[in-house]
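J.: Handing you this structure, nothing more for now.
The values are calculated or read from the model by the stated rules, or taken from the named source; none is laboratory data. Here the structure is a predicted model, which is why all the values come from computation and not from measurement. All Cβ positions, even for glycine, are placed from backbone atoms using ideal geometry, and neighbour counts span all protein chains on display. Note: areas computed on protein heavy atoms with side chains; ligands, DNA, RNA excluded. Shrake-Rupley method; radii C 1.70, N 1.55, O 1.52, S 1.80 Å.
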Amino acid sequence: MAKKWVYMFSEGDMTMRNLLGGKGANLAEMSSIGLPVPQGFTVTTEACTQYYEDGRKINDEIMGQVMDGVAKMEEINGKKFGSLTNPLLVSVRSGARASMPGMMDTILNLGLNDEVVASMIAGNPDPKFERFVYDSYRRFIQMFSDVVMEVGKKYFEQLIDKMKAEKGVKYDVELTAADLKTLAEQFKAEYKKQLGEDFPSDPVTQLKLAVEAVFRSWDNPRANVYRRDNDIPYSWGTAVNVMPMVFGNLNDESGTGVAFTRDPATGEKKLMGEFLKNAQGEDVVAGVRTPMPIAQMEQEFPEAFAEFTKVCEILENHYHDMQDMEFTVENRKLYMLQCRNGKRTAQAALQIACDLVDEGHKTEAEAVAMIDPRNLDTLLHPQFDAAALKASKPLGKGLGASPGAACGQVVFTADDAEAWAAKGKKVVLVRLETSPEDITGMKAAQGILTVRGGMTSHAAVVARGMGTCCVSGCGDIIMDEENKQFTLAGVKFVEGSEISIDGTTGNIYQGLIPTVDAKIAGTFGRVMAWADKYRKLSVRTNADTPADAKKARELGAEGIGLCRTEHMFFDPERIAIFREMICSDTVEEREEALERILPFQQGDFEKLYEALEGNPVTIRFLDPPLHEFVPTEAADIEKLAKAKNKSVEEIKAICNSLHEFNPMMGHRGCRLDVTYPEIAKMQTKAVIRAAINVKKAHPDWNVKPEIMIPLVCDIKELKFVKKVVVETADAEVAASDVKLEYSVGTMIEIPRAALTADEIATEAEFFCFGTNDLTQMTYGFSRDDAGKFLNAYYDTKIFENDPFAKLDRTGVGKLMEMAIKLGKPVNPNLHVGICGEHGGDPSSVEFCHKIGLDYVSCSPFRVPIARLAAAQAAIADMK
């Protein structure tokens, strides 16, 4: 039996979303509950996949079933496709499983040609009807040319503008039947000029080309980018919906509208929307004429409005969610053309979720499951003013690396950012790439823009930790750092130029776009309390400062999963001493310098323990290669030479000797502690002494430091460093009169560590997956350079996602699962977490729940996202 590629609306329902797409499944569902839907059919998402498998062609079997669908539609509607006496005209719309802006636009009035038009007019002598027919025809030619044949819209808009200017009118509706007839002829001539062939007059050919165009649009650049940003697999494909036309542009007794059952911006329970008399659907969206508010429809079409409000109620009660609907009124009769769960702001999502629970539509678990965790970002960061943003055109685009909006004056160095900010100026720091020594400038800036680097570059990771807006990897910028200027899209920016950046979309704008501050409403706390009730995963934060830790605690973090100790060394006073340590010749000299750093580290840890009030704190020992700490400025080199009694040349030689060909795989992490055990000793003393002091001050707190050794690849390596840590820590505890427990664990960030986890678990008390490095080492990609070639991988469908932003379950995930399965039997008390950037990505959190991690750790502003995603994973399990 042949496969079924086409379903009539009467054959489907809302559960068939994967096959019929969102729009098709909802049209079928509305039909099944008796709502007024023009009866058509859906070509399935499987037909789309087949189209690509057949080399971008619609095979005869699929086309045969499409024409069978047309025949059934003719029977239901009593009209004939392509007939001159009683023609059936149709609309063709795309409809993927998930709502996808950027997919193919709708085509209306398909089936018209010169003969059908002439015959329709001959059958109805009313001049208004003649105008309607030519209006529908010129719209069809314009839409078909633009959407199906990809002739630009602008050519037709220019012809309309020229005609209106000649006739001295402002609106399309003021053009006469004769004007529109002339336009239709001009449009066809333009089509031939652009494509070198006549406009297709055969309705069957028109339909086949339109269905192909919908399938083709699944792979257009806009759709591909949207899919990547929203985790929509390429393999899903899109469906096509074909339905009889109803005409909102028939006369003044007709019209078209779009409406929401609740306010999509605030969530308030009231009908919102717009209606336009004597118009077709695209007029409302295109903003050609100003529509009337939906409430005004009641005066114009009272019967249709009464029916429509009844339909709104039926749909909300049926779907138990806010609905977004498109409808048309023809000769005062209502027709429903689409319904779906409406897109909404984060603020509205929380409000609607709470209201739906209060109204009895949803359980708490269902309310938690219906909110997109990624949307919460917008609640926690400043955003651009919506109206001002709409009026602005982006100059360029990078990666939206850290959400929020920022505007200010361009500065090119971290020092300038600090200096300008100190004078009260708002600045955006623009760099080729950032490094750890830029940290103070990054803190002072409103936003950060880099030319190089991906989603896990230094700039991206640090900005997310601070909650600062960041756009990274905008390769279109031509940078001239030396002269403090850059060019983007032909516009030159110098120091002090005004710029605005959007860390959510990655868009870059010239000039200042006003921002509005983030607002957290009471509904946020309520939904988060529900989420916490259901989730199994604990959520910690990656934080290096008491301020970050405090912010994360406010947002619900239950501990610190990663404190990067190296970030504490970049204060000017500390970095000078640390550089002396690096340039020391003997162990004694190194120990002397480290002894001077110890009080600083200890003080930092005490403040962190205080901020965490007895919740767990995981402290990672020094991780970056030493060359990241050495001076580059002449004055700093001279100062260091003086302090160490060496010549400037000797210091330069030491600094040069520390540079490595591949520093990410070089002398870093636990390798530093093996070479210089005195570093591990100093850090252990600082961790333990700080804990002892805080424990004395707060005997009721459970202060139990977790010491994490980074970049371990061999059990003997961990044993060596652990021995140094344990001997030092035990001596400190013994010398105090405080009973203190501590644990020593390791990061699993090298594939070999995951493969030998059963050995490593005999020494480690906990594992923490550092998925930034684990991804880098598993793929063999440098996370700072991958952005240069990943676009080619997306275009060729080798990758659908950035593996540094969304955890690769197949490879990296398999290593994680393996490490847990090997480690737990050896050490049943082993607790396991993740502290890479993936800890705040919803789909990665879901995977962590699935493989049995104890906690995820992410940057402070991603804590609510992780809490909600963890709850959703647990709720999905219950189902």
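J.: Counting just the residues of region 790-817 that are under 14 Å from Pro751 (Cβ atoms) and of a type in the set (Asp, Glu), which one comes out least open to solvent (accessible area, probe 1.4 Å)?
T.: Asp808
J.: Please find, within region 471-484, the residue that is modelled with the lowest pLDDT out of those that are part of a strand (DSSP E or B) and closer than 17 Å to Gly447 by Cα. Break it down stepwise before answering.
T.: Filtering region 471-484 down to residues part of a strand (DSSP E or B) leaves 471-472, 478-480.
From the residues that got through so far, the ones that are closer than 17 Å to Gly447 by Cα too are 471-472.
On the way: Val471: 94, Ser472: 89.
Taking the candidates together, the pick is Ser472.
J.: All but one of (1) surrounded by fewer than 20 Cβ atoms within 10 Å (Cβ to Cβ); (2) more than 21 Å from Asp252 (Cβ to Cβ) hold for Glu174; state the number of the condition that does not hold.
T.: Of the numbered conditions (1) surrounded by fewer than 20 Cβ atoms within 10 Å (Cβ to Cβ); (2) more than 21 Å from Asp252 (Cβ to Cβ), the odd one out for Glu174 is (2).
J.: Test Gln323 against the criterion of being farther than 26 Å from Val863 by Cα and free of Cβ contacts under 8 Å to residues at least 24 places away in the same chain, and give yes or no. Outline the logic, then answer.
T.: Details: farther than 26 Å from Val863 by Cα: yes; free of Cβ contacts under 8 Å to residues at least 24 places away in the same chain: no.
So Gln323 does not fit the description; no.
J.: Go through Asp700, Asp758 for me and flag whichever is over 26 Å from Glu678 (Cα atoms), open to solvent by 10 Å² or more (accessible area, probe 1.4 Å) and touching a Leu at 6+ places or on another chain (Cβ under 6 Å).
T.: Numbers: Asp700 fails: touching a Leu at 6+ places or on another chain (Cβ under 6 Å).
Only one candidate qualifies: Asp758.
J.: Enumerate the helices (runs of 4 or more DSSP H) found wholly within region 354-393, keeping only those where 3 or more residues are open to solvent by less than 60 Å² (accessible area, probe 1.4 Å).
T.: Values: elements: 364-369, 377-380, 386-390.
Passing ranges, in order: 364-369, 377-380.
J.: Which of the residues that make up region 720-754 are of a type outside the set (S, T, N, Q), over 30 Å from Thr775 (Cβ atoms) and assigned to a helix (DSSP H, G or I)? Talk me through it step by step, then tell me what you get.
T.: Applying the first criterion (of a type outside the set (S, T, N, Q)) to region 720-754 yields 720-727, 729-735, 737-742, 744-745, 747-754.
Filter once more, so that each one left must be over 30 Å from Thr775 (Cβ atoms): 723, 726-727, 729-735, 737-741.
Scanning region 720-754 gives Lys723, Val726, Glu727, Ala729, Asp730, Ala731, Glu732, Val733, Ala734, Ala735.
J.: Looking at region 242-256 only, could you name the residues that are open to solvent by less than 10 Å² (accessible area, probe 1.4 Å) and in contact with an Asp or Glu (Cβ under 6 Å, 6 or more places away or on another chain)?
T.: Across region 242-256, the qualifying residues are Asn249, Ser254.
J.: List every residue pair whose Cβ atoms sit under 8 Å apart, with the two residues 6 or more apart in sequence or on different chains, where the first one lies in region 2-13 and is more than 14 Å from Asn26 (Cβ to Cβ) and the second, anywhere, is among the basic types (Lys, Arg) and surrounded by 15 or more Cβ atoms within 10 Å (Cβ to Cβ).
T.: Short answer, once both residue conditions are applied: Met8/Lys72.
J.: Return the residues of region 742-755 that are without any contact (Cβ under 8 Å) to a residue 60 or more places away in the chain, over 24 Å from Lys704 (Cα atoms) and surrounded by fewer than 17 Cβ atoms within 10 Å (Cβ to Cβ); say none if nothing qualifies.
T.: Selection gives Arg752 alone.
J.: Right, next: Which condition breaks for Ala348 when tested against (1) surrounded by fewer than 16 Cβ atoms within 10 Å (Cβ to Cβ); (2) touching a Ser or Thr at 6+ places or on another chain (Cβ under 8 Å)?
T.: Result: Ala348 passes all but (1).
J.: Those residues that are of a type outside the set (Val, Ile, Thr), open to solvent by 30 Å² or more (accessible area, probe 1.4 Å) and under 16 Å from Ile107 (Cα atoms), I need them from region 203-220; list them, please.
T.: Lys208, Leu209, Glu212, Arg216
J.: I would also like to ask the following. Using the structure shown, decide if Met143 is within 22 Å of Asp252 (Cβ to Cβ), among the aliphatic types (A, V, I, L, M) and part of a helix (DSSP H, G or I).
T.: Details: within 22 Å of Asp252 (Cβ to Cβ): no; among the aliphatic types (A, V, I, L, M): yes; part of a helix (DSSP H, G or I): yes.
So Met143 fails the test.
Table: residues versus (1) farther than 20 Å from Lys722 by Cβ; (2) in contact (Cβ under 8 Å) with a residue 12 or more places away in the chain.
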{"site": "Ala635", "(1), (2)": "yes, no"}
{"site": "Lys639", "(1), (2)": "yes, yes"}
{"site": "Lys642", "(1), (2)": "yes, no"}
{"site": "Asn656", "(1), (2)": "yes, no"}
{"site": "Phe661", "(1), (2)": "yes, no"}
{"site": "Met664", "(1), (2)": "yes, yes"}
{"site": "Arg671", "(1), (2)": "no, yes"}
{"site": "Tyr676", "(1), (2)": "no, yes"}
{"site": "Gln683", "(1), (2)": "no, yes"}
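J.: Residue check, His667 against (1) part of a helix (DSSP H, G or I); (2) open to solvent by 40 Å² or more (accessible area, probe 1.4 Å); (3) touching a helix residue (DSSP H, G or I) at 6+ places or on another chain (Cβ under 8 Å), all met but one. Which one?
T.: The one condition His667 does not meet is (1).
J.: What are the residue pairs meeting all of these: first residue in region 518-532, first residue in contact (Cβ under 8 Å) with a residue 24 or more places away in the chain, second residue among the acidic types (Asp, Glu), Cβ atoms under 8 Å, and 6 or more apart or on different chains?
T.: Trp530/Glu364
Each row is one residue, and each column tells you yes or no for (1) open to solvent by less than 10 Å² (accessible area, probe 1.4 Å); (2) closer than 15 Å to Gly465 by Cα; (3) within 26 Å of the chain's Cα centre (by Cα); (4) touching a residue at least 40 places away in the same chain (Cβ under 8 Å).
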residue	(1), (2), (3), (4)
Ala549	yes, yes, yes, yes
Glu558	no, no, yes, yes
His567	no, yes, no, yes
Pro572	no, no, no, no
Ala576	no, no, no, yes
Ala593	yes, no, no, no
Arg596	no, no, no, no
Phe605	yes, no, no, yes
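J.: Any idea how many residues of region 676-717 are touching a Cys at 6+ places or on another chain (Cβ under 7 Å) and of a type outside the set (D, E, K, R)?
T.: Of all residues in region 676-717, those touching a Cys at 6+ places or on another chain (Cβ under 7 Å) come to 708-712, 717.
Retained after the next criterion (residues that are of a type outside the set (D, E, K, R)): 708-712.
Of the residues in region 676-717, 5 are touching a Cys at 6+ places or on another chain (Cβ under 7 Å) and of a type outside the set (D, E, K, R).
J.: Let me ask you something else. Enumerate the pairs (first residue in region 184-200 and over 14 Å from Lys153 (Cα atoms); second residue anywhere and among the polar types (S, T, N, Q)) with beta-carbon separation below 8 Å, excluding pairs fewer than 6 apart on the same chain, so at least 6 apart or on different chains.
T.: Pairs found: Phe199/Ser145; Pro200/Gln206.
J.: Okay, moving on. Which is farther than 20 Å from Leu337 by Cα and either open to solvent by 30 Å² or more (accessible area, probe 1.4 Å) or under 41 Å from the mean Cα position of the chain (by Cα) (or both), of Ala223, Ala239, Ala184?
T.: Exactly one of Ala223, Ala239, Ala184 is farther than 20 Å from Leu337 by Cα and either open to solvent by 30 Å² or more (accessible area, probe 1.4 Å) or under 41 Å from the mean Cα position of the chain (by Cα) (or both), namely Ala223.
J.: Conditions: (1) buried (at least 22 other Cβ atoms within 10 Å of the Cβ); (2) within 30 Å of Asn26 (Cβ to Cβ). Met149 meets all but one. Number of the miss?
T.: Evaluating Met149 over (1) buried (at least 22 other Cβ atoms within 10 Å of the Cβ); (2) within 30 Å of Asn26 (Cβ to Cβ) leaves (1) as the failure.
J.: Keeping to region 323-333, report how many residues are crowded, with 21+ Cβ neighbours inside 10 Å and either assigned to a loop (DSSP other than H, G, I, E, B) or among the hydrophobic types (A, V, I, L, M, F, W, C) (or both).
T.: The number of residues fulfilling the criteria is 3.
J.: Which one of the conditions (1) part of a helix (DSSP H, G or I); (2) touching a His at 6+ places or on another chain (Cβ under 9 Å) does Glu433 fail to meet, given that it meets all the rest?
T.: The single condition Glu433 does not satisfy is (1).
J.: So, in region 503-535, of the ones that are aliphatic (A, V, I, L, M) and more than 15 Å from Cys354 (Cα to Cα), which residue ends up surrounded by the most Cβ atoms within 10 Å (Cβ to Cβ)?
T.: Start the filter on region 503-535 by keeping residues that are aliphatic (A, V, I, L, M), which leaves 508, 512-513, 516, 518, 520-521, 527-529, 531.
So of that shortlist, the ones also more than 15 Å from Cys354 (Cα to Cα) come out as 508, 512-513, 516, 518.
Details: Ile508: 25, Leu512: 15, Ile513: 21, Val516: 12, Ala518: 18.
Per the criteria, the residue is Ile508.
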